[in-house]
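Participant: I am attaching a structure below and will ask some questions about it afterwards.
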Amino acid sequence: MISDKLFFLEKEIAKLLLDKLDSSEITVERASEISAFVIKSLPENLTDEQLGRILPSLDDQFVELASIVNIHLKEYQEKNRQNLITEAEKLIHQNKLDQANNMMKDFFYKKI
């Protein structure tokens, strides 16, 4: 079964392609290439975690997808940030300050 996030992403990409075709910003051939790439890159059985890893590379070959990719990346990063804060708060309440500190460092060093 397709995840809600994947379904929403595919729906946004389809709408983007249709809009760009309607306004003659891309050719039918280009839209077809992008569609084939998206179908190949985003199989139905992807987990949300796998989608998060694949998402940043979707616009590498097709800059037309950049606006959608950026929106979804920001949402994904915000969700991860919120999860990290929740986990760090739990560790702090358990008086595991070093563990919370290390978790926060890992998160920020990955972002830089």
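Participant: Hey, got the dipole for the chain? About the Cα centre, +1 on K and R Cβ, -1 on D and E Cβ, debye to the nearest 20?
Facilitator: 480
Participant: Let me ask you something else. Over the chain, what is the relative contact order in percent, taking alpha-carbon pairs closer than 8 angstrom and at least six residues apart?
Facilitator: 23
Participant: Go ahead and collect, in residue order, the members of the stretch 85-104 whose backbone nitrogen is under 14 Å from a label point 7 Å along the Cα-Cβ direction of K110.
Facilitator: 85-88, 102-104
Participant: Report, ordered by chain and residue number, the lysines lying within cross-link reach of K11, taken as a straight Cα distance under 28 Å and ignoring same-chain residues fewer than 8 apart.
Facilitator: Candidates past the 8-residue exclusion: K20, K40, K74, K79.
Participant: With N denoting the number of residues in the chain, provide Rg(C-alpha) divided by 2.2 N^0.38 Å, to two decimal places.
Facilitator: 1.37
Participant: Can I ask one more? Which residue, N102, N83, N45, has the most motion in a Gaussian network model of the chain that connects Cα atoms within less than 10 Å?
Facilitator: Among N102, N83, N45, the largest GNM mean-square fluctuation belongs to N102.
Participant: Mind giving me the FRET efficiency for I54 and K90? R0 is 35 Å, r the Cβ-Cβ distance, nearest 0.05 is fine.
Facilitator: The calculated FRET efficiency here is 0.75.
Rule-based calculations on the coordinates, nothing more; no lab input. Note that the coordinates shown come from a computational prediction; the quantities given were computed from them, not determined experimentally. Quick reminder, even Gly has a Cβ in these numbers, built from the backbone with ideal geometry, and neighbours come from all protein chains shown.
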